[in-house]
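Here the structure comes first, spelled out in structure tokens, and everything after it is commentary.
The values are calculated or read from the model by the stated rules, or taken from the named source; none is laboratory data. This structure is a prediction, so every number in the text was calculated from the model and none was measured. Note that each Cβ is placed from the backbone with ideal geometry, even for glycine, and that neighbours are counted across all protein chains shown.
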């Protein structure tokens, strides 16, 4: 399979929680297939990324790099990182979006994400002018602008906020119903504690949909 971009994600291990996320979005990232009959008004925008939390945002490979080298480096890095235990995740609104966000101390997760961004940055091609312009359209803080220039994405390092996106931007009249539907859909499936114990290397394939390439367990306990 040919991939145009790669990302380092957290994705739930196979089981009811992962299945619920795939069914909600309409895309099973682990098996690379459409599932269920999702409502495009709600999940079309995040569907192609699959059920995940971003650790290192999607990037194109820099000149001279290849997938095999990225896989090797990701596996090597994962073996040096300790798992992170959060108290849980909760349903939350981020602007007009609905997402699962962490409960508890997120500093260790922020440190882990920063290490992944920093260590694997040699594989990232710099953003082109069109991508820079697109990122700046919503207006960036000085910190986010520095991140964009240094790391190719505004919401990393100190601006990193872990979340598992469930919807696109929702019109006001849908927010209450979609929130209620999400509460009923996920129920008590999100584990407590919520363990970040692996990194998933994912690739963007034909049609813009991301596929799990390889899961790497975090190896330092």
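Of all residues in the range 25-52, those being farther than 24 Å from residue 96 by Cβ and either more than 18 Å from the chain's Cα centre (by Cα) or assigned to a strand (DSSP E or B) (or both) number 4. From the list 99, 114, the one residue that fits, being surrounded by 15 or more Cβ atoms within 10 Å (Cβ to Cβ), closer than 30 Å to residue 189 by Cα and without any contact (Cβ under 8 Å) to a residue 60 or more places away in the chain, is 114. Considered as a group, the residues in the range 58-76 that are in contact with a helix residue (DSSP H, G or I) (Cβ under 8 Å, 6 or more places away or on another chain) and crowded, with 19+ Cβ neighbours inside 10 Å include one that is farthest from residue 119 (Cα to Cα), and that residue is 59.
Hey, residue 162 hits all of (1) outside any helix (DSSP H, G or I); (2) touching a helix residue (DSSP H, G or I) at 6+ places or on another chain (Cβ under 8 Å); (3) surrounded by fewer than 18 Cβ atoms within 10 Å (Cβ to Cβ) but one; which does it fall short on? Single failed check for residue 162: (3). For residue 154, the conditions (1) in contact (Cβ under 8 Å) with a residue 24 or more places away in the chain; (2) under 21 Å from residue 92 (Cβ atoms); (3) within 18 Å of the chain's Cα centre (by Cα) are fulfilled apart from (1).
Filtering the range 166-182 for residues that are free of Cβ contacts under 8 Å to residues at least 60 places away in the same chain, surrounded by 18 or more Cβ atoms within 10 Å (Cβ to Cβ) and assigned to a loop (DSSP other than H, G, I, E, B) leaves an empty set. Report yes if residue 38 is closer than 16 Å to residue 196 by Cβ and touching a helix residue (DSSP H, G or I) at 6+ places or on another chain (Cβ under 7 Å), otherwise no. No; evaluated as a whole, the condition is false for this residue.
Restricting attention to the range 94-120, the residues being modelled with pLDDT under 95 and under 20 Å from residue 181 (Cα atoms) number 3.
Residues in the range 124-132: is at least one touching a strand residue (DSSP E or B) at 6+ places or on another chain (Cβ under 8 Å) and within 25 Å of residue 20 (Cα to Cα)?
no
Taking the criterion of being part of a loop (DSSP other than H, G, I, E, B), out of contact with any strand residue (DSSP E or B) (no Cβ under 8 Å at 6 or more places or on another chain) and more than 25 Å from residue 165 (Cα to Cα), the residues of the range 53-85 that qualify are 63, 64, 65, 66, 80. Which ones in the range 122-135 are in a helix (DSSP H, G or I), without any contact (Cβ under 8 Å) to a residue 60 or more places away in the chain and over 29 Å from residue 178 (Cα atoms)? 129, 130, 131, 132, 133 - these are the residues of the range 122-135 that are in a helix (DSSP H, G or I), without any contact (Cβ under 8 Å) to a residue 60 or more places away in the chain and over 29 Å from residue 178 (Cα atoms).
Annotation note: Cβ proximity below 9 Å between a residue of the range 38-52 that is touching a residue at least 40 places away in the same chain (Cβ under 8 Å) and on the phi > 0 side of the Ramachandran plot and a residue that is surrounded by 20 or more Cβ atoms within 10 Å (Cβ to Cβ) and assigned to a helix (DSSP H, G or I) (sequence gap 6+ or interchain) occurs for 50/21; 50/22; 50/25. On inspection, residue 148 qualifies as surrounded by 13 or more Cβ atoms within 10 Å (Cβ to Cβ), more than 28 Å from residue 88 (Cβ to Cβ) and in contact with a helix residue (DSSP H, G or I) (Cβ under 6 Å, 6 or more places away or on another chain). Scanning the range 136-158 for residues that are part of a loop (DSSP other than H, G, I, E, B) and under 19 Å from residue 8 (Cα atoms) gives 152, 153, 154, 155, 156.
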